[in-house]
1. Work out how much length His52 to Arg21 would gain on full extension: take 0.36 nm times their residue separation and subtract the Cα-Cα distance, in nm to one decimal.
2. What spacing in nm lies between the two simple spin-label points modelled at Thr44 and Lys14, each 7 Å away from Cα in the Cβ direction?
3. Roughly how many debye, to the nearest 20, is the charge dipole of the range 9-71 about its Cα centre, given +1 on each Lys and Arg Cβ, -1 on each Asp and Glu Cβ, and no other charges?
4. State the answer as a single residue: which of Cys20, Ala50, Ala60 lies farthest towards the positive end of the charge dipole of the chain, with beta carbon charges of +1 for Lys and Arg and -1 for Asp and Glu, about the Cα centre.
5. Evaluated at 20 °C with a viscosity of 1.002 mPa s, what Stokes-Einstein diffusion coefficient in µm²/s does the chain have when Rh comes from the Kirkwood expression over alpha-carbon pairs?
6. Based solely on its DSSP helices, what 222 nm [θ] is calculated for the chain when runs of n ≥ 4 H residues each add -39,500 (n - 2.57) and the sum is averaged over all residues, nearest 500 deg cm²/dmol?
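What follows is calculated from the coordinates using simple rules that are stated; it is not laboratory data. What you see is a predicted model; the values in this text were computed from it and never measured. Backbone-built Cβ (ideal geometry, glycine too); neighbour counts: all protein chains shown.
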Amino acid sequence: MAITGKTGADAVAKALKHICRVLVAYRTKLEAVIDAAQASNAITAEQAAAAHAFVASADAACQVFILIAEYSGFQP
């Protein structure tokens, strides 16, 4: 049974949808600037790996939260 009403899933889905559009549009440049930041020691290798993982998984996370929001009655 769906949990309806304000669950936060709608807000997360809406915010992630915008973030994902930006990440998709700038993914190549983001990947390059992450690598450049690591090469210049502005961030550590671990931080670069986390940033790359975030960019790579963002679209999947967006799709999951859209499904969760739809399940709770929100239509993004």
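1. Length gained between His52 and Arg21: 9.5 nm.
2. Result: 3.7 nm between the two label points.
3. Once rounded to the nearest 20, the dipole reads 200 debye.
4. Toward the positive end, the furthest listed residue is Cys20.
5. This corresponds to a translational diffusion coefficient of 156 µm²/s.
6. The per-residue figure over the chain is -27500 deg cm²/dmol.
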